[in-house]
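Undergrad: Input: one structure, supplied below.
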Amino acid sequence: MVDDEHGVRELLTTALRHAGFNARSAPSGETALKMVAQQPPRAVLTDLMMPNGMSGFEFVARFRSDPQTADVPVIVVTGKDITPDDRKLISGEIADVIRKGELLLSDVASRLRDTLEELGVEPTDGEDTVR
């Protein structure tokens, strides 16, 4: 989970853990890329709007440029309204977009679990499956 907002990171990381995933989080794209270099994840959730440093758009582009992570599912979790220009930038690069405003606290874990399982990323014990 990559998001510059601490509360969002904690909420989604906790929800993923409750859904059976061993989730880790990063406060920036730079940090996430360092984590990925150590151990490629099975899926990534990222915000698009991270004003202090690398944007989510740049993170996705750099993540996709690495042969180790080129095929890893990326789910965007954002409060940003996705414009047609945004869609062009991320077209074919992401598996799904979840709007932060659509996530109710009561269904965060199930929504994320369902989305990841649809992408073939199953919960596992003892393995970092999502960062």
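The values are calculated or read from the model by the stated rules, or taken from the named source; none is laboratory data. Here the structure is a predicted model, which means the values were calculated and not measured. Neighbour counts are summed over all protein chains in view; Cβ atoms, including those assigned to glycine, are modelled from backbone coordinates with ideal geometry.
Undergrad: What is the one condition in (1) in a loop (DSSP other than H, G, I, E, B); (2) modelled with pLDDT of 90 or more; (3) of a type in the set (A, V, I, L, M); (4) crowded, with 17+ Cβ neighbours inside 10 Å that Ala70 does not satisfy?
TA: (4)
Undergrad: Looking at the range 114-131, which of the residues that are in a helix (DSSP H, G or I) and exposed (fewer than 13 other Cβ atoms within 10 Å of the Cβ) is modelled with the highest pLDDT?
TA: Glu118
Rundown of residues vs (1) surrounded by fewer than 18 Cβ atoms within 10 Å (Cβ to Cβ); (2) among the β-branched types (Val, Ile, Thr); (3) within 22 Å of Pro123 (Cβ to Cβ), yes/no style:
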{"residue": "Asp4", "(1), (2), (3)": "no, no, no"}
{"residue": "Glu10", "(1), (2), (3)": "yes, no, yes"}
{"residue": "Arg17", "(1), (2), (3)": "yes, no, yes"}
{"residue": "Ala26", "(1), (2), (3)": "no, no, yes"}
{"residue": "Gly29", "(1), (2), (3)": "no, no, no"}
{"residue": "Ala43", "(1), (2), (3)": "no, no, yes"}
{"residue": "Asn52", "(1), (2), (3)": "yes, no, no"}
{"residue": "Val60", "(1), (2), (3)": "no, yes, no"}
{"residue": "Pro84", "(1), (2), (3)": "yes, no, no"}
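Undergrad: Within the range 14-57, can you find the residues that are within 20 Å of Asp86 (Cβ to Cβ), touching a helix residue (DSSP H, G or I) at 6+ places or on another chain (Cβ under 6 Å) and assigned to a helix (DSSP H, G or I)?
TA: Gly29, Phe57
Undergrad: Here's a follow-up. Given the structure, is Val76 touching a Ser or Thr at 6+ places or on another chain (Cβ under 7 Å) and either β-branched (Val, Ile, Thr) or under 19 Å from Leu119 (Cα atoms) (or both)?
TA: Spelling it out, Val76 is indeed touching a Ser or Thr at 6+ places or on another chain (Cβ under 7 Å) and either β-branched (Val, Ile, Thr) or under 19 Å from Leu119 (Cα atoms) (or both).
Undergrad: Okay, next question. Within the set of pairs 6+ apart or on separate chains, which have a first residue in the range 32-51 that is of a type in the set (S, T, N, Q), a second that is in a loop (DSSP other than H, G, I, E, B) and surrounded by 15 or more Cβ atoms within 10 Å (Cβ to Cβ), and C-beta atoms under 9 Å apart?
TA: Gln39/Arg131; Thr46/Met1; Thr46/Asp3; Thr46/Ile94
Undergrad: With respect to Val60, is the statement that it is under 20 Å from Glu117 (Cα atoms) and of a type in the set (Val, Ile, Thr) true?
TA: Considered against the rule, which asks whether it is under 20 Å from Glu117 (Cα atoms) and of a type in the set (Val, Ile, Thr), Val60 comes out as no.
Undergrad: Here's something else I'd like to know. Would you check which residues across the range 13-71 are within 18 Å of Ile98 (Cα to Cα) and hydroxyl-bearing (Ser, Thr, Tyr) and list them?
TA: Thr13, Thr14, Ser25, Thr46, Ser55
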